[in-house]
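Undergrad: Starting off with a structure, shown below.
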């Protein structure tokens with residue numbers, strides 16, 4: 001059975017990377033929240049026609065620390081639990 005809704009992650013070049021399908025829009029939105037909390041970025045839910053149903057993104061915060069602290073150039077999601085730092 002084809003899933004009528006699909007979740008995509010928006011790549012840095014604007015292209016869409018398929019993540020998974022969902023049987024209804026409510027499940028797709030619930031899954032989108034989980035994905036967005038685990039991995040920063042923009043996500044899109046589409047239906048079978050390709051129409052965008054919903055989008056979700058989490059902002060990134062720049063972390064500025066003095067040189068030599070070991071965290072230069074890192075970003076942290078505004079809603080990511082403490083201790084989870086992405087380069």
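The values are calculated or read from the model by the stated rules, or taken from the named source; none is laboratory data. None of the values given here were measured: they were computed from a predicted structure. When we count neighbours, we look across all protein chains shown, and the Cβ atoms used for this are built from the backbone with ideal geometry, even at glycine.
Undergrad: Could you please give the count of residues in the range 13-41 that are under 13 Å from residue 57 (Cβ atoms) and either assigned to a strand (DSSP E or B) or more than 12 Å from the chain's Cα centre (by Cα) (or both)?
TA: Within the range 13-41, residues that are under 13 Å from residue 57 (Cβ atoms) and either assigned to a strand (DSSP E or B) or more than 12 Å from the chain's Cα centre (by Cα) (or both) number 1.
Undergrad: Sticking with this one: Identify the residue in the range 1-12 that is within 15 Å of the chain's Cα centre (by Cα) and in a loop (DSSP other than H, G, I, E, B) and, among all such residues, is nearest to residue 52 (Cα to Cα).
TA: That would be 11.
Undergrad: Considering only residues that are under 19 Å from the mean Cα position of the chain (by Cα) and modelled with pLDDT under 85, which ones fall in the range 42-75?
TA: Correct list: 53, 54, 55, 56, 57, 58, 59, 60, 61, 62, 74, 75.
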